Amino acid sequence: MGSGQVTDWQGKNVTVAGLGVSGVPAAKVLSGLGAKVTVVNDGDDERARTQAAELEALGVTVRLGDGDTLPDGTELIVTAPGWKPDKPLFRAAERAGVPVWGDVELAWRLRGLDGREAAPWLAVTGTNGKTTTVQMLASILRAAGLRTAAVGNIGVSLLDAVLGEERYDVLAVELSSYQLHWAPSLRAHSAAVLNLAPDHLDWHGSMEAYAADKGRIYEGNRVACVYNAADRATEDLVREADVEEGCRAVGFTLGTPGPSQLGVVDGILVDRAFVEDRQRNAQELAEVSDIGPPVARHHPSREGASRPHFVAPHNIANALAAAALARAYGVPAQAVRDGLRAFTPDAHRIAHVADVDGVAYVDDSKATNTHAAEASLAAYESIVWIAGGLAKGATFDELAAGAAKRLRGVVLIGADRALIRDALARHAPEVPVVDLDRTDTGAMLQAVQEARRLARPGDTVLLAPACASMDMFANYNRRGEAFAQAVAELGA
(Lines give C-alpha, C1' and ligand atoms only; values in the text may rest on other atoms or scores of the structure.)
Protein backbone atom coordinates (compact mmCIF):
# COMPACT_ATOMS: atom_id res chain seq x y z
CA MET A 1 0.00 0.00 0.00
CA GLY A 2 1.94 2.98 -1.31
CA SER A 3 1.41 6.67 -0.71
CA GLY A 4 -1.68 7.02 -2.94
CA GLN A 5 -5.31 6.64 -1.99
CA VAL A 6 -6.68 3.11 -1.68
CA THR A 7 -9.96 2.73 -3.57
CA ASP A 8 -10.57 -1.01 -3.24
CA TRP A 9 -10.59 -2.37 0.32
CA GLN A 10 -12.58 -5.48 -0.49
CA GLY A 11 -11.02 -8.51 1.17
CA LYS A 12 -7.89 -6.70 2.43
CA ASN A 13 -6.58 -8.10 5.71
CA VAL A 14 -6.30 -5.11 8.07
CA THR A 15 -5.29 -5.28 11.71
CA VAL A 16 -6.53 -2.44 13.93
CA ALA A 17 -4.25 -1.97 16.95
CA GLY A 18 -6.18 -0.83 20.00
CA LEU A 19 -9.83 -0.30 20.86
CA GLY A 20 -10.94 3.09 22.14
CA VAL A 21 -11.68 6.46 20.62
CA SER A 22 -9.82 5.86 17.35
CA GLY A 23 -9.74 2.07 17.07
CA VAL A 24 -13.47 1.35 17.18
CA PRO A 25 -14.41 3.92 14.48
CA ALA A 26 -11.51 2.76 12.28
CA ALA A 27 -12.60 -0.88 12.57
CA LYS A 28 -16.20 0.03 11.69
CA VAL A 29 -15.18 2.13 8.68
CA LEU A 30 -12.79 -0.49 7.30
CA SER A 31 -15.28 -3.30 7.80
CA GLY A 32 -17.92 -1.20 6.02
CA LEU A 33 -15.53 -0.80 3.08
CA GLY A 34 -15.24 -4.59 2.77
CA ALA A 35 -11.91 -5.17 4.53
CA LYS A 36 -11.36 -8.28 6.68
CA VAL A 37 -10.66 -6.59 10.02
CA THR A 38 -8.96 -8.03 13.09
CA VAL A 39 -8.69 -5.85 16.20
CA VAL A 40 -5.94 -6.58 18.72
CA ASN A 41 -5.98 -5.01 22.17
CA ASP A 42 -3.70 -5.27 25.20
CA GLY A 43 -6.51 -4.97 27.73
CA ASP A 44 -9.27 -7.47 28.46
CA ASP A 45 -11.48 -5.52 30.86
CA GLU A 46 -15.24 -5.07 30.89
CA ARG A 47 -15.18 -2.00 28.64
CA ALA A 48 -12.99 -3.78 26.08
CA ARG A 49 -15.32 -6.79 26.07
CA THR A 50 -18.33 -4.53 25.49
CA GLN A 51 -16.59 -2.85 22.55
CA ALA A 52 -15.49 -6.24 21.22
CA ALA A 53 -19.07 -7.56 21.26
CA GLU A 54 -20.24 -4.50 19.31
CA LEU A 55 -17.57 -5.04 16.64
CA GLU A 56 -18.00 -8.81 16.46
CA ALA A 57 -21.67 -8.24 15.63
CA LEU A 58 -20.42 -6.44 12.50
CA GLY A 59 -18.19 -9.36 11.50
CA VAL A 60 -14.95 -7.97 12.94
CA THR A 61 -12.57 -10.40 14.66
CA VAL A 62 -11.40 -9.11 18.07
CA ARG A 63 -8.43 -10.48 20.01
CA LEU A 64 -8.26 -9.21 23.59
CA GLY A 65 -5.31 -9.47 25.98
CA ASP A 66 -2.63 -9.75 23.27
CA GLY A 67 -1.66 -6.59 21.42
CA ASP A 68 1.85 -7.79 20.60
CA THR A 69 1.38 -10.67 18.14
CA LEU A 70 0.93 -9.87 14.44
CA PRO A 71 -2.11 -11.75 13.05
CA ASP A 72 -1.35 -14.03 10.12
CA GLY A 73 -1.97 -12.52 6.70
CA THR A 74 -1.98 -8.89 7.88
CA GLU A 75 -1.49 -6.49 4.94
CA LEU A 76 -1.86 -3.24 6.90
CA ILE A 77 -1.95 -2.12 10.54
CA VAL A 78 -4.04 0.88 11.59
CA THR A 79 -2.94 1.86 15.08
CA ALA A 80 -4.27 3.98 17.89
CA PRO A 81 -1.91 6.99 18.08
CA GLY A 82 -0.71 6.30 21.63
CA TRP A 83 0.80 2.86 20.92
CA LYS A 84 4.59 3.17 21.17
CA PRO A 85 6.71 2.59 18.05
CA ASP A 86 8.91 0.03 19.84
CA LYS A 87 5.97 -2.31 20.55
CA PRO A 88 6.62 -5.92 19.46
CA LEU A 89 3.60 -5.77 17.12
CA PHE A 90 5.27 -3.02 15.07
CA ARG A 91 8.66 -4.73 15.10
CA ALA A 92 6.98 -7.82 13.68
CA ALA A 93 5.22 -5.65 11.07
CA GLU A 94 8.53 -4.09 10.03
CA ARG A 95 10.12 -7.53 9.60
CA ALA A 96 7.15 -8.65 7.51
CA GLY A 97 7.08 -5.48 5.40
CA VAL A 98 3.61 -4.51 6.67
CA PRO A 99 2.90 -0.74 6.68
CA VAL A 100 1.58 0.96 9.82
CA TRP A 101 -0.88 3.85 9.60
CA GLY A 102 -2.50 5.93 12.31
CA ASP A 103 -6.12 7.10 12.29
CA VAL A 104 -4.99 10.41 10.74
CA GLU A 105 -3.23 8.60 7.90
CA LEU A 106 -6.33 6.45 7.33
CA ALA A 107 -8.55 9.55 7.18
CA TRP A 108 -6.10 11.24 4.79
CA ARG A 109 -6.14 8.21 2.47
CA LEU A 110 -9.95 7.99 2.53
CA ARG A 111 -10.57 11.63 1.51
CA GLY A 112 -12.64 11.87 -1.65
CA LEU A 113 -13.52 8.17 -1.56
CA ASP A 114 -17.17 8.97 -2.29
CA GLY A 115 -16.22 11.08 -5.30
CA ARG A 116 -16.64 14.48 -3.68
CA GLU A 117 -13.81 17.00 -3.65
CA ALA A 118 -11.68 16.60 -0.54
CA ALA A 119 -11.55 19.61 1.79
CA PRO A 120 -7.99 20.93 2.31
CA TRP A 121 -6.44 20.71 5.78
CA LEU A 122 -5.01 23.61 7.79
CA ALA A 123 -2.96 21.76 10.38
CA VAL A 124 -1.61 22.75 13.80
CA THR A 125 0.84 21.06 16.16
CA GLY A 126 3.16 22.15 18.97
CA THR A 127 3.89 21.24 22.56
CA ASN A 128 1.21 23.64 23.80
CA GLY A 129 -1.65 25.75 22.48
CA LYS A 130 -2.82 23.34 19.75
CA THR A 131 -6.44 23.06 20.82
CA THR A 132 -6.90 26.79 21.44
CA THR A 133 -5.26 27.70 18.13
CA VAL A 134 -7.34 25.22 16.13
CA GLN A 135 -10.54 26.46 17.77
CA MET A 136 -9.55 30.08 17.07
CA LEU A 137 -8.81 29.09 13.47
CA ALA A 138 -12.19 27.38 13.05
CA SER A 139 -13.92 30.45 14.51
CA ILE A 140 -12.10 32.72 12.02
CA LEU A 141 -12.96 30.42 9.09
CA ARG A 142 -16.62 30.37 10.13
CA ALA A 143 -16.60 34.18 10.37
CA ALA A 144 -15.48 34.18 6.72
CA GLY A 145 -18.57 32.15 5.80
CA LEU A 146 -16.71 28.88 5.28
CA ARG A 147 -18.05 25.46 6.25
CA THR A 148 -15.46 24.10 8.66
CA ALA A 149 -14.88 22.11 11.85
CA ALA A 150 -12.14 21.75 14.46
CA VAL A 151 -11.04 18.13 14.05
CA GLY A 152 -8.20 15.68 14.72
CA ASN A 153 -7.08 15.49 18.31
CA ILE A 154 -10.28 17.36 19.32
CA GLY A 155 -13.89 17.85 18.33
CA VAL A 156 -15.21 15.94 15.30
CA SER A 157 -13.23 12.77 14.48
CA LEU A 158 -11.25 13.00 11.26
CA LEU A 159 -12.89 9.87 9.87
CA ASP A 160 -16.31 11.44 10.41
CA ALA A 161 -15.09 14.68 8.84
CA VAL A 162 -13.89 13.05 5.63
CA LEU A 163 -16.60 10.37 5.29
CA GLY A 164 -19.68 11.84 7.02
CA GLU A 165 -22.67 13.51 5.40
CA GLU A 166 -21.53 17.01 6.41
CA ARG A 167 -19.69 18.82 3.62
CA TYR A 168 -16.73 21.04 4.56
CA ASP A 169 -14.86 23.70 2.59
CA VAL A 170 -11.74 23.44 4.76
CA LEU A 171 -10.77 21.66 7.99
CA ALA A 172 -8.90 23.04 11.02
CA VAL A 173 -6.88 20.03 12.16
CA GLU A 174 -5.11 19.54 15.51
CA LEU A 175 -2.37 16.91 15.33
CA SER A 176 -0.32 15.44 18.18
CA SER A 177 3.23 14.17 17.81
CA TYR A 178 1.84 10.62 18.14
CA GLN A 179 -0.57 11.16 15.26
CA LEU A 180 2.09 12.73 13.06
CA HIS A 181 4.46 9.82 13.72
CA TRP A 182 1.93 7.46 12.13
CA ALA A 183 0.89 9.78 9.24
CA PRO A 184 3.67 9.52 6.61
CA SER A 185 1.70 10.72 3.56
CA LEU A 186 -0.20 13.67 5.10
CA ARG A 187 0.16 16.82 2.98
CA ALA A 188 -1.53 19.92 4.38
CA HIS A 189 -2.54 23.10 2.55
CA SER A 190 -0.68 25.04 5.27
CA ALA A 191 0.54 24.09 8.73
CA ALA A 192 1.91 25.60 11.94
CA VAL A 193 4.26 24.36 14.66
CA LEU A 194 3.49 26.65 17.60
CA ASN A 195 6.41 25.79 19.87
CA LEU A 196 8.71 22.94 20.85
CA ALA A 197 9.62 21.92 24.40
CA PRO A 198 10.43 18.53 25.94
CA ASP A 199 7.26 16.41 26.22
CA HIS A 200 6.32 12.77 25.73
CA LEU A 201 10.01 11.86 25.68
CA ASP A 202 9.12 8.53 27.29
CA TRP A 203 7.18 7.74 24.08
CA HIS A 204 9.46 9.22 21.42
CA GLY A 205 12.74 8.21 23.07
CA SER A 206 14.53 11.55 22.54
CA MET A 207 13.92 15.24 21.96
CA GLU A 208 15.28 14.84 18.43
CA ALA A 209 12.72 12.14 17.60
CA TYR A 210 9.93 14.21 19.14
CA ALA A 211 10.89 17.28 17.10
CA ALA A 212 11.19 15.22 13.92
CA ASP A 213 7.66 13.89 14.35
CA LYS A 214 6.33 17.42 14.93
CA GLY A 215 8.16 18.56 11.80
CA ARG A 216 6.31 16.03 9.64
CA ILE A 217 3.38 18.47 9.61
CA TYR A 218 5.29 20.71 7.17
CA GLU A 219 6.01 17.97 4.62
CA GLY A 220 4.41 18.75 1.27
CA ASN A 221 2.74 22.00 2.41
CA ARG A 222 1.37 23.96 -0.55
CA VAL A 223 0.97 27.56 0.62
CA ALA A 224 2.51 28.38 4.02
CA CYS A 225 4.67 26.85 6.77
CA VAL A 226 3.87 28.94 9.86
CA TYR A 227 6.55 29.06 12.57
CA ASN A 228 7.16 30.84 15.88
CA ALA A 229 9.83 33.52 15.45
CA ALA A 230 10.61 33.29 19.18
CA ASP A 231 11.27 29.54 18.97
CA ARG A 232 14.22 28.81 16.68
CA ALA A 233 13.47 25.08 16.69
CA THR A 234 10.19 25.63 14.83
CA GLU A 235 11.96 27.66 12.13
CA ASP A 236 14.59 24.93 11.80
CA LEU A 237 11.81 22.41 11.10
CA VAL A 238 10.57 24.61 8.23
CA ARG A 239 14.06 24.71 6.74
CA GLU A 240 14.31 20.93 6.88
CA ALA A 241 10.88 20.30 5.32
CA ASP A 242 10.36 19.21 1.72
CA VAL A 243 7.49 21.47 0.60
CA GLU A 244 5.79 22.21 -2.71
CA GLU A 245 7.36 24.87 -4.90
CA GLY A 246 6.10 28.32 -3.96
CA CYS A 247 5.25 27.41 -0.36
CA ARG A 248 6.37 30.21 1.97
CA ALA A 249 7.79 30.40 5.47
CA VAL A 250 5.61 32.73 7.57
CA GLY A 251 6.61 33.71 11.11
CA PHE A 252 4.57 35.06 13.99
CA THR A 253 5.97 37.24 16.75
CA LEU A 254 4.72 39.13 19.80
CA GLY A 255 6.88 42.03 18.63
CA THR A 256 6.83 44.21 15.52
CA PRO A 257 6.62 41.93 12.46
CA GLY A 258 9.15 41.95 9.67
CA PRO A 259 8.28 41.09 6.06
CA SER A 260 6.59 37.64 5.82
CA GLN A 261 5.54 37.80 9.47
CA LEU A 262 2.48 38.52 11.58
CA GLY A 263 3.00 40.43 14.82
CA VAL A 264 1.81 43.11 17.21
CA VAL A 265 2.16 46.90 16.91
CA ASP A 266 0.66 49.18 19.59
CA GLY A 267 -1.90 46.59 20.67
CA ILE A 268 -2.93 45.70 17.11
CA LEU A 269 -2.41 42.36 15.33
CA VAL A 270 -0.68 43.13 12.03
CA ASP A 271 -0.09 41.05 8.88
CA ARG A 272 3.03 41.66 6.77
CA ALA A 273 2.92 38.26 5.08
CA PHE A 274 -0.29 38.07 3.05
CA VAL A 275 -0.28 41.60 1.60
CA GLU A 276 0.99 43.14 -1.61
CA ASP A 277 4.49 44.62 -1.27
CA ARG A 278 5.12 43.19 2.18
CA GLN A 279 8.38 45.17 2.40
CA ARG A 280 6.39 48.39 2.83
CA ASN A 281 2.77 47.45 3.53
CA ALA A 282 0.93 45.93 6.48
CA GLN A 283 -2.68 44.94 7.14
CA GLU A 284 -4.37 45.50 10.50
CA LEU A 285 -6.26 42.35 11.51
CA ALA A 286 -7.62 42.84 15.02
CA GLU A 287 -6.88 44.39 18.38
CA VAL A 288 -5.25 42.37 21.13
CA SER A 289 -8.36 43.12 23.19
CA ASP A 290 -10.39 41.12 20.63
CA ILE A 291 -8.68 37.94 21.85
CA GLY A 292 -10.37 35.98 24.63
CA PRO A 293 -10.28 35.13 27.39
CA PRO A 294 -8.93 38.12 29.30
CA VAL A 295 -6.96 37.25 32.42
CA ALA A 296 -7.58 39.05 35.71
CA ARG A 297 -4.18 40.32 36.75
CA HIS A 298 -3.65 41.19 40.40
CA HIS A 299 -1.63 43.95 41.98
CA PRO A 300 -0.38 42.13 45.05
CA SER A 301 1.07 45.23 46.63
CA ARG A 302 -2.25 47.05 46.84
CA GLU A 303 -4.94 45.26 48.78
CA GLY A 304 -8.33 45.79 47.21
CA ALA A 305 -6.85 47.45 44.13
CA SER A 306 -8.68 47.09 40.86
CA ARG A 307 -7.58 44.26 38.60
CA PRO A 308 -7.25 45.35 34.97
CA HIS A 309 -7.66 42.66 32.33
CA PHE A 310 -4.98 41.68 29.91
CA VAL A 311 -4.54 38.86 27.40
CA ALA A 312 -2.00 36.18 28.29
CA PRO A 313 0.98 36.38 25.89
CA HIS A 314 0.67 32.75 24.80
CA ASN A 315 -2.93 33.38 23.73
CA ILE A 316 -1.79 36.31 21.58
CA ALA A 317 0.72 33.94 19.97
CA ASN A 318 -2.03 31.36 19.40
CA ALA A 319 -4.24 34.01 17.78
CA LEU A 320 -1.40 35.11 15.46
CA ALA A 321 -0.78 31.51 14.37
CA ALA A 322 -4.49 30.96 13.72
CA ALA A 323 -4.65 34.23 11.79
CA ALA A 324 -1.63 33.24 9.69
CA LEU A 325 -3.22 29.94 8.65
CA ALA A 326 -6.54 31.62 7.90
CA ARG A 327 -4.81 34.32 5.84
CA ALA A 328 -2.87 31.59 3.98
CA TYR A 329 -6.27 30.22 2.99
CA GLY A 330 -7.34 33.66 1.72
CA VAL A 331 -9.56 34.79 4.61
CA PRO A 332 -10.16 38.60 4.75
CA ALA A 333 -8.89 40.70 7.63
CA GLN A 334 -12.36 41.43 9.03
CA ALA A 335 -13.05 37.69 9.48
CA VAL A 336 -9.92 37.40 11.62
CA ARG A 337 -11.24 40.09 13.95
CA ASP A 338 -14.79 38.72 14.00
CA GLY A 339 -13.59 35.15 14.53
CA LEU A 340 -11.33 36.07 17.44
CA ARG A 341 -14.14 38.03 19.06
CA ALA A 342 -16.50 35.05 18.73
CA PHE A 343 -14.02 32.51 20.11
CA THR A 344 -14.59 31.01 23.56
CA PRO A 345 -11.96 28.65 25.02
CA ASP A 346 -12.54 25.19 26.46
CA ALA A 347 -12.81 24.67 30.19
CA HIS A 348 -9.67 24.24 32.34
CA ARG A 349 -7.57 26.66 30.30
CA ILE A 350 -6.68 29.61 32.53
CA ALA A 351 -10.29 29.66 33.75
CA HIS A 352 -11.07 32.07 36.58
CA VAL A 353 -13.03 29.96 39.08
CA ALA A 354 -13.77 32.43 41.90
CA ASP A 355 -12.45 35.16 44.18
CA VAL A 356 -12.34 34.21 47.86
CA ASP A 357 -11.16 36.75 50.47
CA GLY A 358 -9.44 38.87 47.83
CA VAL A 359 -7.59 35.90 46.30
CA ALA A 360 -8.28 34.73 42.72
CA TYR A 361 -8.48 30.97 42.07
CA VAL A 362 -7.54 29.98 38.51
CA ASP A 363 -7.89 26.54 36.89
CA ASP A 364 -5.30 25.71 34.22
CA SER A 365 -5.48 21.95 34.66
CA LYS A 366 -4.77 21.65 30.91
CA ALA A 367 -1.17 22.73 31.68
CA THR A 368 0.02 19.11 31.62
CA ASN A 369 3.69 19.83 30.85
CA THR A 370 6.35 22.33 31.89
CA HIS A 371 6.02 24.51 28.79
CA ALA A 372 2.28 25.05 29.35
CA ALA A 373 2.82 25.72 33.07
CA GLU A 374 5.53 28.26 32.25
CA ALA A 375 3.11 30.21 30.05
CA SER A 376 0.44 30.07 32.75
CA LEU A 377 2.76 31.20 35.53
CA ALA A 378 3.93 34.13 33.39
CA ALA A 379 0.38 35.53 33.37
CA TYR A 380 0.34 36.43 37.09
CA GLU A 381 2.53 38.48 39.40
CA SER A 382 2.09 36.80 42.80
CA ILE A 383 1.14 33.14 42.83
CA VAL A 384 0.42 30.25 45.14
CA TRP A 385 1.10 27.42 42.73
CA ILE A 386 -0.58 23.99 42.92
CA ALA A 387 1.47 21.50 40.89
CA GLY A 388 2.36 17.84 40.46
CA GLY A 389 1.18 14.59 38.89
CA LEU A 390 2.87 12.35 36.31
CA ALA A 391 6.04 13.97 34.95
CA LYS A 392 6.24 11.96 31.68
CA GLY A 393 10.04 12.15 31.74
CA ALA A 394 10.15 15.94 32.23
CA THR A 395 12.60 17.95 34.33
CA PHE A 396 11.60 21.08 36.26
CA ASP A 397 14.75 23.16 36.90
CA GLU A 398 14.10 25.71 34.16
CA LEU A 399 10.45 26.08 35.19
CA ALA A 400 11.30 26.54 38.88
CA ALA A 401 14.04 29.07 38.15
CA GLY A 402 11.82 31.11 35.85
CA ALA A 403 8.86 31.19 38.22
CA ALA A 404 10.77 31.76 41.49
CA LYS A 405 10.24 35.52 41.73
CA ARG A 406 6.48 35.17 41.21
CA LEU A 407 5.85 32.47 43.83
CA ARG A 408 4.28 33.26 47.20
CA GLY A 409 4.19 29.53 47.92
CA VAL A 410 3.77 26.09 46.34
CA VAL A 411 1.52 23.13 47.15
CA LEU A 412 2.62 19.82 45.60
CA ILE A 413 0.44 16.78 44.90
CA GLY A 414 0.77 13.63 42.81
CA ALA A 415 3.15 10.79 42.13
CA ASP A 416 6.15 12.75 40.79
CA ARG A 417 5.92 15.83 43.05
CA ALA A 418 9.42 15.18 44.46
CA LEU A 419 10.92 16.17 41.09
CA ILE A 420 9.31 19.61 41.39
CA ARG A 421 10.15 19.88 45.10
CA ASP A 422 13.83 19.20 44.42
CA ALA A 423 13.92 21.74 41.56
CA LEU A 424 12.35 24.37 43.82
CA ALA A 425 14.91 23.60 46.54
CA ARG A 426 17.68 24.33 44.02
CA HIS A 427 16.21 27.42 42.37
CA ALA A 428 13.67 28.93 44.81
CA PRO A 429 14.84 27.83 48.28
CA GLU A 430 13.13 30.77 50.02
CA VAL A 431 9.64 29.85 48.68
CA PRO A 432 7.54 27.87 51.20
CA VAL A 433 6.52 24.44 49.85
CA VAL A 434 3.75 22.18 51.17
CA ASP A 435 4.34 18.58 50.07
CA LEU A 436 1.12 16.52 50.30
CA ASP A 437 2.04 12.86 50.53
CA ARG A 438 -1.19 11.50 49.09
CA THR A 439 -2.53 10.71 45.62
CA ASP A 440 -6.21 10.13 46.39
CA THR A 441 -8.67 12.53 44.75
CA GLY A 442 -9.44 14.13 48.14
CA ALA A 443 -5.91 15.54 48.09
CA MET A 444 -7.19 18.41 45.92
CA LEU A 445 -9.39 19.77 48.71
CA GLN A 446 -6.45 19.73 51.10
CA ALA A 447 -4.24 21.35 48.45
CA VAL A 448 -6.68 24.23 47.99
CA GLN A 449 -6.98 24.66 51.77
CA GLU A 450 -3.19 24.82 52.09
CA ALA A 451 -3.00 27.28 49.21
CA ARG A 452 -5.56 29.51 50.92
CA ARG A 453 -3.40 29.50 54.05
CA LEU A 454 -0.36 30.64 52.04
CA ALA A 455 -2.13 33.26 49.91
CA ARG A 456 -2.50 36.98 50.62
CA PRO A 457 -5.14 39.38 49.22
CA GLY A 458 -4.22 40.20 45.63
CA ASP A 459 -2.57 36.81 45.02
CA THR A 460 -3.63 34.15 42.52
CA VAL A 461 -3.94 30.50 43.52
CA LEU A 462 -3.06 28.80 40.25
CA LEU A 463 -3.62 25.13 39.40
CA ALA A 464 -1.03 24.65 36.62
CA PRO A 465 0.24 21.14 37.38
CA ALA A 466 3.03 20.86 34.75
CA CYS A 467 2.24 17.13 34.83
CA ALA A 468 -0.30 14.67 33.51
CA SER A 469 -3.25 13.77 35.72
CA MET A 470 -3.65 10.00 35.43
CA ASP A 471 -1.96 9.16 38.73
CA MET A 472 -4.92 10.70 40.57
CA PHE A 473 -7.65 11.54 38.05
CA ALA A 474 -9.17 10.07 34.89
CA ASN A 475 -8.03 13.13 32.92
CA TYR A 476 -7.15 16.82 33.27
CA ASN A 477 -10.87 17.73 33.09
CA ARG A 478 -11.61 15.75 36.26
CA ARG A 479 -8.63 17.34 37.97
CA GLY A 480 -9.90 20.82 37.09
CA GLU A 481 -13.39 19.92 38.28
CA ALA A 482 -11.97 18.72 41.60
CA PHE A 483 -10.15 22.04 41.97
CA ALA A 484 -13.31 24.04 41.22
CA GLN A 485 -15.29 21.95 43.71
CA ALA A 486 -12.65 22.51 46.39
CA VAL A 487 -12.73 26.27 45.74
CA ALA A 488 -16.53 26.23 45.97
CA GLU A 489 -16.23 24.60 49.42
CA LEU A 490 -13.87 27.40 50.48
CA GLY A 491 -16.37 30.02 49.39
CA ALA A 492 -19.22 28.25 51.17
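For R248 and E287, what is the calculated FRET efficiency with R₀ set at 25 Å and r taken between the beta-carbons, to the nearest 0.05?
Given R0 = 25 Å and the Cβ-Cβ separation, E is 0.45.
If packing is taken as the average count of other Cβ atoms within 10 Å, what order do 447-456, 169-178 fall into, highest mean first?
Listed from highest to lowest mean packing, they are 169-178, 447-456.
Which of the peptides 376-382, 312-318, 339-345 is most tightly packed, and how do the rest follow, judged by the mean count of other Cβ atoms within 10 Å per residue?
312-318, 376-382, 339-345
So what is the relative contact order of segment 53-160, in percent, for Cα pairs below 8 Å that sit 6 or more residues apart?
The value is 19 percent.
Based on the Cβ-Cβ distance from Q485 to D66, what FRET efficiency comes out when R0 is 35 Å, to the nearest 0.05?
0.30
Show me the ranking of peptides 53-64, 262-273, 68-79 by mean Cβ neighbours inside 10 Å, starting with the highest.
262-273, 68-79, 53-64
Over segment 442-491, what is the mean sequence separation of C-alpha contacts under 8 Å (at least six apart), divided by residue count, expressed as relative contact order in percent?
After rounding, I find 47 percent.
Tell me whether the chain comes out rounded, prolate or oblate; compute the Cα gyration tensor, take square roots of the eigenvalues as a ≥ b ≥ c, and use a/c under 1.5 as the rounded threshold.
The shape class here is oblate.
If each DSSP helix of 4+ residues adds -39,500 (n - 2.57) and the sum is divided by the residues in the chain, what number results at 222 nm, nearest 500 deg cm²/dmol?
-9500 deg cm²/dmol
Once you list every other residue whose beta carbon is under 9 Å from the beta carbon of L141, what net charge do they have if Lys and Arg are +1 and Asp and Glu are -1?
Once positives and negatives cancel, what remains is +1.
At a 1.4 Å probe, what is the % contribution of carbon and sulfur to the accessible area of the chain? All intermediate terms of the calculation are to be shown ahead of the outcome.
Values: 9160 of 19960 Å².
In the chain, the share of accessible area belonging to carbon and sulfur is 46 percent.
Please report how far the C-alpha centroid of segment 206-248 lies from that of segment 147-197, rounded to the nearest whole angstrom.
Each part's Cα centre sits 16 Å from the other's.
The values are calculated or read from the model by the stated rules, or taken from the named source; none is laboratory data. What you see is a predicted model, and the numbers here were worked out from it, not measured in a lab. Glycine also receives a Cβ, built like all others from the backbone with ideal geometry; neighbour counts cover every protein chain displayed. The accessibility values were calculated without ligands, DNA or RNA, using every heavy atom of the protein model including side chains. Shrake-Rupley method; radii C 1.70, N 1.55, O 1.52, S 1.80 Å.
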